[in-house]
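Laboratory data are not the source of any read-out in this text; all were calculated from the coordinates shown. Everything numeric here is computed off the predicted structure, so don't read it as measured data. Cβ placement follows ideal geometry from the backbone for every residue including glycine, while neighbour counts extend to all protein chains displayed.
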Amino acid sequence: MSAGSFNELDETDREIVCALAADATRSAGALGRDLGLSQPAAWRRIRRLHENGVFSGRRVDLNAEALGFGVTVFLGIKLASKGRVSLEDFERAVTAIPEVQTVQHVLGLYDYRLRVVARDLSDFERVLRRRIMTLPSVGNVEANVLLSEERLPGPLGAL
Amino acid sequence: MLDDVDHRLLRLLQSDPTIPVSELAERCAIQPATASRRLDKLTNNGVLVGQRMVIDWTKLGYAVEVSLRFTLDKTQPRAFDEFLAEARKVPEVIAIQTFLGRVDVRLSVIARDMRHYQALYRDRILTLPHIADIEALMHVATIKATETLPI
């Protein structure tokens, strides 16, 4: 399946993608019952979606707060002197920080966008000072504390 | 509350959500029935929220992903609620986050290509209510996306 292949998915496929994006533990049998398919037919569709790379991975969602992580912060990071810096060095170092959950290379006001978890604000300060500010060629850093977050089904849900 | 075995179970499950209970049990040196019982308890306690598949939107023809960061006009008392309600109606918005900081709200927006993005931006984004300022960050690459907690 190549880029622009959205139309190769029929409505049933889209419903399966939406259902699994909401709950990955649903079985082919249960999905099939909801969509009026036999278990083998649902299973074949799911396998084809996997084979075509429609899913980039599977995630376990944990309640961060219940596990003692009360603070999530998004950081925008600008690298200091672009010409001479090694992006690979920065990326290798930032990826190794356990509190850093996601790293995205972006174009715009910042070069990288990080999602960082911490136990509380003073723990976040520790991560910021000891881990982030010491990264190779890190320049300007902007922090925004996450208050709420919601995931939406995206264009599949609207069809 | 949670003991070392619980933490180990969650750590293993985070690193590989498809790992069977029998293997989880073996690697935690407990019986499979005990592992199942502990996982059920973690689910009932709300610690283990669930599992989801992550959609690769590029494979579905959405090549462009942009982070739009908004500052809202806070002189309007209902600015947040009204902005969020309208943003939820845009199908290409796949995530909404609110913040304490210089940025008030961030929308993750996907589009088929730059032309599609341009149309979306003009017709669906700029028309959202109570916007004071917008900044766009275009996604180039995802370097890390484990989203795991350091437990």
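For this structure, a couple of remarks:
- Annotation: the residues B:TRP57, A:TRP43, sorted from fewest to most other C-beta atoms within 10 Å of their own C-beta, follow the order A:TRP43, B:TRP57.
- Helical contribution to [θ] at 222 nm, DSSP H n ≥ 4, -39,500 (n - 2.57), averaged over chain A, rounded to 500: -8500 deg cm²/dmol
- The protein assembly as shown, Rg to Rh (Cα coordinates; Rh as Kirkwood inverse mean 1/r): 0.98
- Normalised per residue, the volume of the convex hull around the Cα set of the range A:71-145 (Å³): 76
- Cut-off under 5 Å, modelled amide H: who pairs with A:LEU152 long-range: B:ALA95, B:ILE96
- With Cα atoms as the point set, chain B shows a radius of gyration and Dmax of 20.7, 59 Å.
- Computed log10 I(q)/I(0) for the range B:4-44 at 0.14, 0.29 Å⁻¹: -0.23, -1.07, from the Debye equation with unit scatterers placed on every C-alpha and solvent omitted.
- Alpha-carbon centroids, the range B:1-57 and the range B:96-145: separation in whole Å: 35
- Approximate spin-label separation B:ALA145-B:ALA95, in nm, with each point projected 7 Å along Cα-to-Cβ: 0.9
- Cα-Cα pairs of the range A:14-159 separated by more than 25 Å (percent): 48
- Sparse-neighbourhood loop sites, GluC sites (Glu not before Pro) in the range A:42-103 - DSSP loop, at most 11 other Cβ within 10 angstrom: none
- Here the scattering of the range B:57-138 is modelled by Debye summation over its C-alpha atoms, one equal scatterer each and no solvent; at q = 0.13 Å⁻¹ the log10 of I(q)/I(0) is -0.38.
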